[in-house]
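Below is one structure; the comments refer to it alone.
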Amino acid sequence: MPLALLVILDGLRRDAVSPDRTPNLWRLTQRGTSFPHYRSMLPSATRCVSACTATGCVPASHGLGGNATALLGEDGRLTAWDAGSPAFLPARRARHGQALFRPTLADRLAGHGGATIFSNVSPGAALAHDPNRSGRLLHRVLAHRPGQEEAPPSDITLDAAGDALLTGRFLEEVFPATGSGPALGVLWLGEPDASQHANPLGSPAAWAAIAAADACLGRVMAAADRRRAAGDQVLLLAGSDHGHETVEGVVDVDAELAAGGFAVGDRLVAASNGSSVLVYQAPGEDPAALLAFLRSRDWAGSVHAGAELHAIGQRPGAEGLVAAISMRRHNGVNAFGIPGQTLVAKPAAGKPDRLGCGQHGGLGEAEQSPVMVIEGPGFAPGARDHGAAQPIHLAPSILAFLGHGDAGQPMDGTPLQARPTQEPAA
Ligand SMILES: [Zn+2]
């Protein structure tokens, strides 16, 4: 049976990959094809990228707009939502009849070998892979098998130790000693993202988290090799969902809006996505004055509205979306010599981001430079594909490998196998 594997080292920057720091990922670049122009989405944030990865579609199509977002009620009022909450996708289903507007890999592979997804990020991001309970999902606070909820594990922590434990369980279920495993296994690690949010990029703690995540990948690579030795075809995709930049300052966007005469509430929501902000307005409001105000702010690096929202994969008017702001940033280095410093928007709930530590969400160069390497049929060893690639291309590549079509529900992405932009190893 062919087996597709996707391993995500959450938050890993492309410039962090090296023979010393990430020996397994480095080895994989010799064995597979890497994508030097691989980009994240906007927001460059895990919940949004998880939904894009699962559906092969941009937020404009699947409907999960960001890590923090809004829902527009039937009464025309906005409610601010943290999409990391396990209650968010059920709330979307209650409002729209569907949690996501496009089928996930787990939906598409139900009855065709099935999908097993183990995730150590936020509950909402994990659930975005399989909100319909079509496959197997395991996370610290939620777990299910097809059609049936299960008690979540109590011993998985959001750190390197938790990732290692989760990796062991993943290997047991995806490579069972007896019987057959699923057609697709997704392992989404919490590191190095968690440590990079709490420590400066380039600090010993951040590098240790990167090494630990790379070791988890090494265990999956070894298991994949054993499967290949037994005669099965394996497609292994490994990389990250977004990078990180250093928090240089925190902006209270709600306070800024209030000072400009735009009070946030159920007619206006500014959802902080770290170094980006999604701005929603209730129907009937005129966005012109609001957009002019946002464009005049020195903390706004770029303001995307109307057709510019389409261009970044967002749908103007979705839940009242009027603008996406990428916060101002520059390429200057932090105390550890790591380039990329950005302003971030103060989150609505919880602690503001830590100055000097990592964050993401916007269009910054490092945030938009995640890693992707693919090993298997259609991906020449040591090759580099210089074409455009994003998380929306992963699901089509996985389905092409497994021999499943798009079953009448097309995806926005296309398969990455053997593209003309793939340059053989020198
Ligand atoms: Zn992430």
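Some values worked out for this structure:
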| item | result |
| --- | --- |
| Unique match (being within 17 Å of Gln409 (Cβ to Cβ) and either β-branched (Val, Ile, Thr) or within 14 Å of the ligand (Cβ to nearest atom) (or both)) among Ala51, Ala106 | Ala51 |
| Counted residues, the range 282-297 - those being open to solvent by 20 Å² or more (accessible area, probe 1.4 Å) and either at positive phi or not small (Gly, Ala, Ser) (or both) | 9 |
| Any hit, the range 75-84, residues being in contact (Cβ under 8 Å) with a residue 40 or more places away in the chain, open to solvent by 20 Å² or more (accessible area, probe 1.4 Å), in the same structural domain as Ser195 (by TED's automatic domain parsing) and within 16 Å of the ligand (Cβ to nearest atom) | yes |
| Residue within the range 18-38 that is among the basic types (Lys, Arg), in contact with a strand residue (DSSP E or B) (Cβ under 6 Å, 6 or more places away or on another chain), outside any loop (DSSP other than H, G, I, E, B) and away from the ligand (no atom under 16 Å from the Cβ) present | yes |
| Close pairs (7 angstrom Cβ cut-off, 6 or more residues apart or separate chains): more than 19 Å from Gly362 (Cβ to Cβ) and not assigned by TED's automatic domain parsing to the domain that holds Gln417 in the range 231-252, away from the ligand (no atom under 13 Å from the Cβ) and open to solvent by 10 Å² or more (accessible area, probe 1.4 Å) anywhere | none |
| Index of the failed condition, Asp385 passing every other in (1) open to solvent by less than 40 Å² (accessible area, probe 1.4 Å); (2) out of contact with any Phe, Trp or Tyr (no Cβ under 7 Å at 6 or more places or on another chain); (3) at pLDDT 95 or above | (2) |
| Residues of the range 109-133 that turn out to be away from the ligand (no atom under 16 Å from the Cβ) and either of a type in the set (A, V, I, L, M, F, W, C) or open to solvent by less than 30 Å² (accessible area, probe 1.4 Å) (or both), as a count | 7 |
| Which listed residue is within 21 Å of Ile398 (Cβ to Cβ) and either open to solvent by 10 Å² or more (accessible area, probe 1.4 Å) or among the polar types (S, T, N, Q) (or both), from Leu165, Leu171 | Leu171 |
| Members of the range 47-59 found to be closer than 13 Å to Ala83 by Cβ and open to solvent by less than 10 Å² (accessible area, probe 1.4 Å), listed by number | Cys48, Val49, Ser50, Ala51, Cys52, Pro59 |
| Unmet requirement for Ala68, which otherwise passes all of (1) within 16 Å of the ligand (Cβ to nearest atom); (2) closer than 29 Å to Ala407 by Cα; (3) crowded, with 24+ Cβ neighbours inside 10 Å | (2) |
| Close pairs from the range 165-194: first under 10 Å from Asn120 (Cβ atoms) and in a loop (DSSP other than H, G, I, E, B), partner open to solvent by less than 10 Å² (accessible area, probe 1.4 Å) and of a type in the set (D, E, K, R), Cβ under 7 Å, at least 6 apart | Gly190/Asp10; Gly190/Asp163; Glu191/Asp10; Glu191/Asp163 |
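Rundown of residues vs (1) over 18 Å from the mean Cα position of the chain (by Cα); (2) over 29 Å from Phe401 (Cβ atoms), yes/no style:
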{"site": "Trp81", "(1), (2)": "no, yes"}
{"site": "Leu89", "(1), (2)": "no, no"}
{"site": "Leu105", "(1), (2)": "no, no"}
{"site": "Gly111", "(1), (2)": "yes, no"}
{"site": "Phe118", "(1), (2)": "no, no"}
{"site": "Ala126", "(1), (2)": "no, no"}
{"site": "Val141", "(1), (2)": "yes, yes"}
{"site": "His144", "(1), (2)": "yes, no"}
{"site": "Ala151", "(1), (2)": "yes, yes"}
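The values are calculated or read from the model by the stated rules, or taken from the named source; none is laboratory data. In this text, all values refer to a predicted model and were calculated from it rather than measured experimentally. Don't worry about glycine lacking a Cβ; one is built from the backbone with ideal geometry, like all the others, and counts go over all protein chains shown. Ligands, DNA and RNA are stripped out before the accessible areas are found, and what is left, the full protein with its side chains, is counted by its heavy atoms. Shrake-Rupley method; radii C 1.70, N 1.55, O 1.52, S 1.80 Å.
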